[in-house]
1. Using a Gaussian network model on the chain with a 10 Å cutoff between Cα atoms, which of ARG126, ARG31, ARG155 fluctuates the most?
2. Between ASP63 and SER44, what is the label-point separation in nm under the 7 Å Cα-to-beta-carbon projection?
3. In nm, to one decimal, how far is the modelled label at ARG126 from the one at ASN26, with both set 7 Å along Cα→Cβ?
4. Which residue fluctuates the most in the chain, going by a Gaussian network model with Cα springs under 10 Å, if the choices are ARG27, ARG113, ARG57?
5. Under the rule of -39500 (n - 2.57) per DSSP H run of 4 or more residues, summed and divided by the residues of the chain, what mean residue ellipticity at 222 nm is obtained, to the nearest 500 deg cm²/dmol?
6. How long is the gain from VAL100 to THR73 if the chain were fully straight, where each residue apart is worth 0.36 nm and the alpha carbon distance is subtracted?
7. First measure r as the distance between the Cβ atoms of THR84 and ALA164, then evaluate 1/(1 + (r/R0)^6) with R0 = 25 Å and state the FRET efficiency to the nearest 0.05.
8. Could you state the angle between the C-alpha long axis of helix 2-26 and the longest principal axis of the C-alpha atoms of the chain, as a value from 0 to 90 degrees rounded to the nearest 10?
Amino acid sequence: MKQALMMMALASAVVAGSVSVAEAQNRVTVRAMLGGGNEVPGVSAGAHGEALVTVDRAAGTIDYEVNIYGLPTGVVASHIHSGTAGVNGPVVINFPIAAVGQSGSFQIKGSARASEMVMRPEAGIRSFDDIAFAIASGAAYVNVHTQANPGGEIRGQLCPTTAAANTFNGVALCTTPARGQ
Ligand SMILES: [Cu+2]
């Protein structure tokens, strides 16, 4: 009896383990530190920010939270663009801006589904998964456009913490320290 209970406990632990592995393979969270120096060409206006983006392939969603600090002029748009560090690329996700023209410190937060994303075949972006893999591997960036710098005032490359943190395919074109490191 005792042995049977142990076997049951072991079996449920194995099931629980396989569920969490499946979830990990479907979900990747990446961060970006946003600054004017990351723009191409660079901008020195003093604002900065941080973005947290979670790609969930099972749910078909990309959740984003962008904290912006000390923006001197009003925001006009913010996006995720396809492109590696140092390269400008096309918009793939347009963040709805609740208060266009807002300056200072504020947050942009939301969730996008595939139907709200922009496919860019010319940049190799033809599907939700193409966007998911670009974000998870460091081939996408967050950009904040303002009245003073409509081409982009602060930018941050979305990077996994390590190559292993990109559980989609293990590719990391850049890495960024986890919070607290
Ligand atoms: Cu943009």
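Where a number appears in this text, it was derived from the coordinates with a stated rule and is not lab data. Fair warning: this is a prediction, and the values are worked out from it, not measured in the lab. A quick note on method: Cβ atoms are made from the backbone with ideal geometry, for glycine too, and the neighbour counts reach across all protein chains shown.
1. In this elastic network of the chain, the residue with the biggest mean-square fluctuation among ARG126, ARG31, ARG155 is ARG126.
2. Reported label-point gap for SER44 and ASP63 is 3.9 nm.
3. 2.5 nm
4. Its mean-square fluctuation being the largest, the pick is ARG113.
5. Values: 2 runs with 35 residues, N = 181.
That calculation yields -6500 deg cm²/dmol at 222 nm.
6. Details: separation 27, 0.36 × 27 = 9.72 nm, distance 1.07 nm.
Computed gain between VAL100 and THR73 is 8.6 nm.
7. Working: r = 20 Å, r/R0 = 0.79.
That gives a FRET efficiency of 0.80.
8. It is inclined by approximately 20 degrees.
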